[in-house]
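Colleague: Got a structure here, written out as structure tokens. Questions coming.
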Amino acid sequence: MRLCVLDLDGSVAAQPPLLARVGAGIAHGVDLRDLAPRLRLAASRSAIRTVLERLERVMAGGHGPEVIFYGSGDFHHLTAAFLQRRTRPITVIHLDNHPDWVTFPATFNCGAWVNRALENAHVAKVITIGPCSDDLAWPQLKGANLAAIASGRLEVYPWRHPPSRLVPALPRPKGLPVLGRRLYWQPVGGDAWAGFVDDFSRRIPTREVWITIDKDVLAPDEAVTNWDQGEMRLAQAMALVRAVAERHAVVGVDVCGDYSPPQLGDPWRRALAFLDRSCRPPVSRPHSALNADANAQLLRLFDDVLA
């Protein structure tokens, strides 16, 4: 396992479990604070290239699965960049409270990165698990990539969600699995979770897998994030990772969702924040220790299943 800690916002670089490994030389630390204003919520392609260049300097020539911790979910679009470094067919397992599937703007941004990932021919499928958010309501009006669902390259399994209403006046992609004017989901929360995990392997069409975890998929008592949160328990997320690792080659994992105060210095990013998420008040309750504990548990899991 090749562990890398990207310091974008100060939220993970000082966490004891990660700091100790960087200090001992068994993990790589990469300072990206200078790029953070150009990466938060949305990223220019030049900023993405710079991230990949710095990552390649420390990861090139190594062997084994990559594990990357990198801070707030405001940077989740870096997952699409990490996937550019892969060359063989791969399935992306995406744990998140949001589908991150909007088709506009067609940039690297945290609400649309799934589409950037699907632009890579070697990404066979993205499987999104855990949303409870209202992003699934009226998906056509919110720019959801329903065409990817119709084609089978994107699967979405909410933790819980009623059927989504469709707008009759708007076109539907051919092959979209609908009944009348509603798109029915397969919720996986509650009693359905154990069976979903047991049967999950058959949904993965490739040998190689990349797992991306945004901790906003977790219940609020297990993580503090910059976004509204779901209801998955950390133990449930870890059970899925273990099940995938038992049957497939996990070549990479990235973890985001640590809270950091958003600093949005330009009108473009302020507009994205207004349109793409609820305006949350500043987080006042303790978050560093809670998030560090969740990351420590994930790190022990990766030590176990990716060795």
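Colleague: Take every Cα pair under 8 Å in the range 2-305 that's 6+ residues apart, average their separations, divide by the length, and report that relative contact order as a whole percent.
Modeller: 20
Colleague: Work out the charge dipole of the range 2-305 with +1 on the Cβ of Lys and Arg and -1 on the Cβ of Asp and Glu about the Cα centre, then indicate which of SER44, ALA14, TRP159 is farthest towards its positive end.
Modeller: Highest projection toward the positive end goes to SER44.
Colleague: For TYR184 and SER288 in the same chain, what is the full-extension length gain: residue separation times 0.36 nm, less their Cα-Cα distance, in nm?
Modeller: 33.7 nm
Colleague: Neighbour counts of other C-beta atoms within 10 Å: give me HIS248, HIS94 arranged from fewest to most.
Modeller: HIS248, HIS94
Colleague: With unit charges on the beta carbons (Lys and Arg positive, Asp and Glu negative) and the dipole taken about the Cα centre of the range 51-170, which residue among TRP101, VAL58, ILE149 sits farthest to the positive side?
Modeller: Value: ILE149.
Colleague: Still on this model: Based on the mean of other beta carbon atoms within 10 Å per residue, what is the order of 74-84, 48-58, most packed first?
Modeller: Result, highest mean first: 74-84, 48-58.
Colleague: Figure the gain on full extension for ALA219 and ASN120 (residue separation times 0.36 nm, minus the Cα-Cα span) and round it to one decimal in nm.
Modeller: Gain on extension, ALA219 to ASN120, equals 32.5 nm.
Colleague: Taking Cα atoms, how many degrees apart are the long axis of helix 45-59 and the longest axis of the chain, rounded to 10 and kept between 0 and 90?
Modeller: Roughly 50 degrees, rounded to the nearest 10.
Colleague: So, with +1 on the Cβ of K and R and -1 on the Cβ of D and E, and no other charges, what is the size of the charge dipole of the chain about its Cα centre, to the nearest 20 debye?
Modeller: Charge dipole, the chain, about its Cα centre: 960 debye, nearest 20.
Colleague: Taking a cut-off of 17 Å between Cα atoms, list the aspartates and glutamates near LYS142, but don't count ones fewer than 8 places away on the same chain.
Modeller: Once the sequence-local aspartates and glutamates are set aside, what remains near LYS142 is ASP100, ASP134, ASP276.
None of the figures in this text is laboratory data; all of them are computed from the coordinates on show. Because the structure is a prediction, the values reported are computed rather than measured. Glycine also receives a Cβ, built like all others from the backbone with ideal geometry; neighbour counts cover every protein chain displayed.
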